[in-house]
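As structure tokens, the structure follows; a few thoughts come after it.
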Amino acid sequence: MTRFRKSARRVSALVESDVRRLGERRGFSETRLLTHWAEIVGAEAAAMSRPVKVSFPRGGFGATLTLLTTGAQAPMLQMMLPRLKERVNACYGYSAISRIDVTQTAPTGFEQGQVAFSARPKAPKEPPPEAVERARPLAEGVGDEALRRSLERLGANIISKRGA
């Protein structure tokens, strides 16, 4: 008879050692740099770049972080390098990175398109005015102004989807 665990385990606990091992093979002693890239450098920089490798010089201090980006985004990323270096070093807790190299590639990266850059989110489409007019009386009994507007917008979206 086999024994089962009674408590559930988080998925992150199951893959943590694998992520750490694979990250260290690429020079990432701090795996947060890989897993929380957008939080560390900001949404704008994360949308146009991915960390690829950290190289440490022999017998010296100050590693080189290699970032992957598209050719069109490289000049914008180049202007952000001082701020990126500061934020990455804050993640490490000391001045671990002394230099950042930018590698330009196709939008899907290399090795079977493993790296895909995310586009900026599209602005939500406004529902047609006739759907808004039909939804307005449905939410008129709500006293809170912000809640009423949200309910009107929700109703207008539902009405426009059903009509289409």
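The values are calculated or read from the model by the stated rules, or taken from the named source; none is laboratory data. None of these values were measured; they are calculated from a predicted model. No Cβ is skipped: glycine too gets one built from the backbone with ideal geometry, and neighbour counts run over all protein chains shown. Protein only, heavy atoms only, side chains kept; ligands, DNA and RNA dropped before computing areas. Shrake-Rupley method; radii C 1.70, N 1.55, O 1.52, S 1.80 Å.
Would you please list the contacts, defined by Cβ atoms under 6 Å and residues six or more apart or on different chains, that run from a residue in the stretch 135-164 that is at pLDDT 85 or above to a residue that is open to solvent by 70 Å² or more (accessible area, probe 1.4 Å) and basic (Lys, Arg)?
Taking only residues 6 or more apart or on different chains, the pairs are GLU152/ARG136; ILE159/ARG134.
Which is in contact with a helix residue (DSSP H, G or I) (Cβ under 8 Å, 6 or more places away or on another chain), modelled with pLDDT under 80, surrounded by 13 or more Cβ atoms within 10 Å (Cβ to Cβ) and hydrophobic (A, V, I, L, M, F, W, C), of PHE28, PHE56?
PHE28
Yes/no per residue for (1) of a type in the set (Val, Ile, Thr); (2) under 28 Å from SER17 (Cα atoms); (3) surrounded by 16 or more Cβ atoms within 10 Å (Cβ to Cβ):
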| site | (1), (2), (3) |
| --- | --- |
| ARG32 | no, yes, no |
| GLY42 | no, yes, no |
| ALA63 | no, yes, yes |
| GLY71 | no, no, no |
| PRO75 | no, no, no |
| ARG83 | no, no, no |
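So PRO129 passes all but one of these: (1) open to solvent by 90 Å² or more (accessible area, probe 1.4 Å); (2) touching a Lys or Arg at 6+ places or on another chain (Cβ under 9 Å); (3) at pLDDT 80 or above. Which condition number does it fail?
All conditions pass for PRO129, except number (2).
If ARG87 meets every condition in (1) of a type in the set (Lys, Arg); (2) more than 16 Å from ARG32 (Cβ to Cβ); (3) at pLDDT 90 or above apart from one, which number is that one?
Against the list (1) of a type in the set (Lys, Arg); (2) more than 16 Å from ARG32 (Cβ to Cβ); (3) at pLDDT 90 or above, ARG87 comes up short only on (2).
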